[in-house]
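What follows is a single structure, written as structure tokens, with notes after it.
The values are calculated or read from the model by the stated rules, or taken from the named source; none is laboratory data. Everything numeric here is computed off the predicted structure, so don't read it as measured data. Virtual Cβ from ideal backbone geometry, glycine too; neighbours counted across all protein chains shown.
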Amino acid sequence: MLTVALPKGRLTDDALTWLKRADWPLPQMDNDRRLVAPSQDGRLSYIMAKPMDVPVFVEQGAADLGIAGLDVLRERAADVYEPLRLPFGHCRLSVAAPANRPNRPLRLEINPRVATKYPRLTAEYFRKRGISAELIVLSGSVELGPLVNLADLIVDLVQTGATLRENGLVELRTILESQAVLIVNRASYRLHTREIDTLIASIRTILP
């Protein structure tokens, strides 16, 4: 039995929809709180994990396969096989600031305070541009940072931009374009090549 890690939250419904279209056996979800569930035919086992944890489960071998956002993969720097990018979960990791911020290039910012859930990607972005940023790592709504004078800038995921606008923020730069990715544990792939290739091929045949 192979184990698949799925992200709880915004990617869940799309992930299950595409797995169903690819004829993967789906998990028996008796209730929303169940974290480990076998598939309906017993061929697969599913782990429902926080999105940021999916690459960890797969990299460490607790799951053989998983679906994760590219933003999470790059933040975690996970050493996993990435055979397919999937046609959902499209968003972008962006730098944003209050709409009333003075109109000046980012490179002229002096020690900006940056609130984010993505400290690795954020630090790398500012470091490459020679900007010494003070990172403020939050696990909740990073849009609050500028509103309560905790941060000058934020780095967060953006889909439509509506949340930014509602909180008086505007996008300045895009750091990373993201979407869902199918990932595989490298050791699992060597041990179960035929079974995993069959699952990958079933998804590949339905991709646009």
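Okay, here's what the table says:
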{"item": "Odd one out for ARG173 among (1) assigned to a strand (DSSP E or B); (2) closer than 20 Å to PRO51 by Cβ", "result": "(2)"}
{"item": "Failed condition for ASP41, given (1) more than 30 Å from LEU153 (Cα to Cα); (2) surrounded by 17 or more Cβ atoms within 10 Å (Cβ to Cβ)", "result": "(2)"}
{"item": "Extreme residue, farthest from the chain's Cα centre (by Cα), among residues of the range 178-206 that are under 18 Å from PRO25 (Cα atoms) and not in a helix (DSSP H, G or I)", "result": "HIS192"}
{"item": "Scan of the range 120-151 for residues that are assigned to a strand (DSSP E or B) and under 18 Å from LEU108 (Cα atoms), ordered by number", "result": "GLU134, LEU135"}
{"item": "Matching residues in the range 18-37 - criterion: being in a helix (DSSP H, G or I) and loosely packed, with under 12 Cβ neighbours inside 10 Å", "result": "LYS20"}
{"item": "Search result, residues across the range 38-88 that are in a strand (DSSP E or B), hydrophobic (A, V, I, L, M, F, W, C) and farther than 18 Å from ASP14 by Cα", "result": "LEU44"}
{"item": "Test: ILE154 is touching a helix residue (DSSP H, G or I) at 6+ places or on another chain (Cβ under 7 Å) and not in a helix (DSSP H, G or I)", "result": "yes"}
{"item": "Residue within the range 194-201 that is within 19 Å of LEU73 (Cα to Cα), in the same structural domain as LEU70 (by TED's automatic domain parsing) and either β-branched (Val, Ile, Thr) or surrounded by 14 or more Cβ atoms within 10 Å (Cβ to Cβ) (or both) present", "result": "yes"}
{"item": "Selection from the range 89-118 of residues that are in contact with an Asp or Glu (Cβ under 9 Å, 6 or more places away or on another chain), surrounded by 15 or more Cβ atoms within 10 Å (Cβ to Cβ) and not in a strand (DSSP E or B)", "result": "GLY89, ARG101, GLU109, PRO112, LYS117, TYR118"}
